[in-house]
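Peer 1: Submitted below is the structure of interest, expressed as structure tokens.
Taken together, the values in this text are just the output of simple stated rules run on the coordinates, not laboratory data. Small disclaimer: the values here were computed from a predicted structure and weren't measured. All Cβ positions, glycine included, derive from the backbone under ideal geometry; neighbour counts span all protein chains shown.
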Amino acid sequence: MGIKGVLRLLLFVFLLSATSGWAADIHGKSSTQLLWFNDFYNGRQIELGEYLQFSVTKLDKDGKFNIYGYGRGTQDLTNGEGLNGRLYYLYGDYRDLFDKLDVKLGRQFVNLSAGTTIIDGGQADLKNIGPVAFTVLGGRDVVFGIDGELSRDGNYALGMAAYLTGFRKTDLDVSWFRKWDEGDVSRDIVGGSFKQYLLDSVKLYSNARYDLTSEVFNEVLAGIKYFPTANLVLTGEWFQSYPTFDTTSIYSVFAVNRYQEGVVRADYTINENIAVNAGYSRQDYGEDGTADVYEAGCTLRPINTLTIGLAYDRHEGYGGHLDGGTFDVTWDATKELMLAGGLTVDAYNRDFFPTVSGDEIAQKYWLGAKYRMGRNMAASLRIEDDVNVTYNSNVQGRFVFDYSF
Amino acid sequence: MKRLLIVFMIFSFSAVYVQLAVAQKESHKDYAAMKIPECNSCHKSEGIALNHDVDWVRGHRVLASRGGANCNQCHDQAYCLDCHSGGGINADLQTQNYRRDYIPKSHRSDFLEIHPIKALDNPQTCTRCHDQKYCTQCHSQFRGTDLQFLSHRRQFRDISLSSVGPKHEIFNPTQCQTCHPGGILPSHKWAGDHATEARRNLQSCQTCHGDGDVCLKCHSARQNSGLRVNPHPRNWGSIKGNLKDKSNGRSCIRCHDSF
């Protein structure tokens, strides 16, 4: 079902519901945006964009049926790219049919432990039938590119899941996800995830995806979080992946190495004003390709209205060398006015494109302000300047006017 | 005695597990407007770890993809798609753009330049938001000669024709056949290291060589069109039928006359 089909169907359902005489609630947000940026290939571009997000609720007496939508349209004003649109979702959601079934119909984001995508189709959740609940979903697979949709005829997605429900400290699910590319099966994955809280201070979790075509575990994650207090979380994780490709791609027949990663990290909220974190990852790409990644960060709130964020990470090993981080400040100057600014800096040297002159430096400086006009309107301006190997100065930004209804 | 101990342990673990598992999950709908630090007031006493910490971007995948995930009690789908698909209606001042698309914080500074390194921090990360076609849209505009990574460097350029002769760098690719008649490689920019690089990071090969034509110059099984170098993984014997059936032979026919 294409976009037009979805729209027609939802319009039909909407009109039917409207005839029932119940006053529907329509809420949402409109965001009108003027953007200016440098396109890598086409140079300076100025665009006018309109985002619209809405929900239509109380369409029936019990409030079980709602419609949700979100999309955007942009008009290029300088480079002749014209009108560009993206419909993120537009679906009708009927909940608690016979107190056992939730149904969503239309374009929507779907997410299973075996796979994720956007579909033009439907999802049904069967619940309240015991300790196990079920999900079935399927429809046309929607793929977004830089300038529009890249989906082709015969791109479909289908998935189903069974999961434990009602258990407060335990999650367990098994799912299956399949994609078609021009009518041929391109992906066929079984997934599962598990979570268990223990002793009020330990969380065990895992996640796995098994590629039925390549007969390998595409991804496996196992982790433990220990939180002796709610303010301190210690994490240990092991992750491995075996890259698999669409069966319709020639790359699906090539041998690849297994990627493995061990992570340890600590997140500590010292008090309401200071939170710190640090972590280390050891990465293994096979055949002696390894890298070490370190990261550290903190959030400071010296006064109630001021927040300072700092984040740093360092990659050393396979792939090259990267040292960089972010710094940002947000200040609620008044109840209506928020001011913010920050910078990001990276020093890097890539194995893939080595430079003999030493590290390249990339910097980005930005400033922003947001002013709230009453309860339902706000205007904001954000301007940034990039200084890097491509640009001595690349000023780009956006002006946004938001209206909530 | 040993059996008794095992039975006791199984019974104890089961009892603890049931005790932990039977309680119902709390709906978070009524708390959707709360600030994250305020969540501690409940979570602290319930033994449930906060999961909206600074590690959330990396760790939310498992939470969000599990069956019955309760994300929608506080968030609508726009919250997911603003990062995953470039939306931006709820972008805060910190949020950056790439062209008209809004991008998450992980895409900092000059991401076009640093993404080859960042993409290695778990090579699966990119494909969670981007289809391979997305990468190809940009990479297809590259000139092959811009690339300098190990397998693509012109390593023959420093090799002399003889102990006193000139180096290969004085020749251009169209002259290869003069001295190497029948040579199957059209230019001298391909080195043996490519196999290791490809096995470590095959996804990056695909971003530029989307249809794999360059691979087939050596790996095709057809006589007179390739070196017939077998590229398949070790378990090929057990999986080749799967690939053939599911792709309707679309991949196989690229290299084989019969399969």
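Peer 1: What net charge is computed for the residues neighbouring A:Leu337, neighbours being all others with C-beta under 13 Å from the C-beta of A:Leu337, Lys and Arg scored +1, Asp and Glu -1?
Peer 2: For residues surrounding A:Leu337, the net value is +1.
Peer 1: Residue by residue, what Karplus-based ³J(HN,Hα) values in Hz, rounded to whole numbers, does the range B:61-73 have, using 6.51, -1.76 and 1.60 with θ = phi - 60° and x for Gly and Pro?
Peer 2: Running phi through 6.51 cos²θ - 1.76 cosθ + 1.60 with θ = phi - 60° gives 4, 5, 5, 6, 9, 6, x, x, 4, 9, 4, 6, 6 Hz.
Peer 1: I would also like to ask the following. So what's the net charge close to A:His321: Lys and Arg +1, Asp and Glu -1, counting the other residues with Cβ under 10 Å from its Cβ?
Peer 2: The answer is -2.
Peer 1: Let's test this: bin the Cα-Cα distances of the range A:295-335 at 5 Å from zero up to the farthest pair and state each bin's percent.
Peer 2: 6, 20, 21, 15, 13, 9, 8, 5, 3, 1
Peer 1: Further, regarding this structure: Taking the Cβ of each residue in A:Ile303, B:Ile117, B:Ile103 as the centre, tally the other Cβ atoms inside 10 Å and list the residues starting with the fewest.
Peer 2: A:Ile303, B:Ile103, B:Ile117
Peer 1: In the structure displayed, which of A:Lys203/B:Lys118; A:Lys335/B:Lys35; A:Lys335/B:Lys29; A:Lys29/B:Lys105 lie more than 19 Å apart, Cα to Cα?
Peer 2: Distance filter (> 19 Å) returns A:Lys203/B:Lys118; A:Lys335/B:Lys29; A:Lys29/B:Lys105.
Peer 1: Could you please state, rounded to a whole Å, how far the C-alpha centre of the range A:52-71 is from the C-alpha centre of the range A:113-162?
Peer 2: Their Cα centres are 20 Å away from one another.
Peer 1: Obtain the nm distance between the two label points defined at A:Asp292 and B:Thr174 by a simple spin-label model: each point lies 7 Å from its Cα along the Cα-to-C-beta direction.
Peer 2: 5.1 nm
Peer 1: Taking 8 Å as the Cα distance limit and 6 or more residues as the minimum spacing, I'd like the relative contact order of chain A as a percentage.
Peer 2: Once divided by the residue count of chain A, the mean separation gives 9 percent.
Peer 1: Under 17 Å Cα to Cα from A:Lys225, which aspartates and glutamates show up? Leave out anything in the same chain fewer than 8 places away.
Peer 2: A:Asp171, A:Asp200, A:Glu237, A:Glu261, A:Asp267, B:Glu46, B:Asp53, B:Asp55
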